[in-house]
Amino acid sequence: MEEISVQSLKEKIDSNTNFILLDVREPFEQYQSKIDIENSRLIPVDELSERVNELADQKEKEIICLCRSGSRSAKACKFLSQEGFTNVKNLKGGINEWAREIDSSLPVY
């Protein structure tokens, strides 16, 4: 599985690269800490198999998965790859790494 660093994600955001940021945490987690960009989607990892059709027309688009630390998003990446998505990446270290390295206004939890 391919991973992307928080620094590389920041560069993509700053350069307006066209991708989907797929947050696979629970809604309460996103409420307390999130990367607020237009192309962000929230689909909790436990709902992904039931809701994968919401991404069906995006199979070739770059999808960057994130969670708290990177383990649930790794599971999501594996699932999406098995479903035929061809450009899926895991955010290394998750939202907590983002909070430590990029946006210190966000809580680490």
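Taken together, the values in this text are just the output of simple stated rules run on the coordinates, not laboratory data. Quick caveat: nothing in here was measured; it's all calculated off a predicted structure. Here the Cβ positions follow ideal geometry from the backbone for every residue, glycine too, while neighbour counts run over all protein chains shown.
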Summing -39500 (n - 2.57) over every DSSP H run of at least 4 residues in the chain and dividing by its residue count gives a helix-only mean residue ellipticity at 222 nm, to the nearest 500 deg cm²/dmol, of -9500 deg cm²/dmol
Taking amide H atoms as placed 1.01 Å from N in the peptide plane, list the residues 5 or more away in sequence, or in a different chain, whose amide H sits under 5 Å from that of Ile20.
Glu62, Ile63, Ile64
How high is the relative contact order of segment 2-101, given as a whole-number percent (alpha carbon pairs under 8 Å, six or more residues apart)?
36 percent
List, largest first, the extents of the alpha carbons of segment 4-50 along their principal axes, each in whole Å.
31, 23, 19
Can you sort Ser15, Ser5, Ser33, Ser104 from fewest to most other Cβ atoms within 10 Å of each residue's own Cβ?
Ser15, Ser104, Ser5, Ser33
Dipole of the chain, positive end: most advanced residue of Ile43, Phe79, Gly93 [Cβ charges, Cα centre]:
Gly93
Which value, in debye to the nearest 20, describes the size of the charge dipole of the chain about its Cα centre when Lys and Arg Cβ atoms bear +1, Asp and Glu Cβ atoms bear -1, and nothing else is charged?
240 debye
Which order do peptides 74-86, 39-51 fall in by mean Cβ count within 10 Å, highest first?
74-86, 39-51
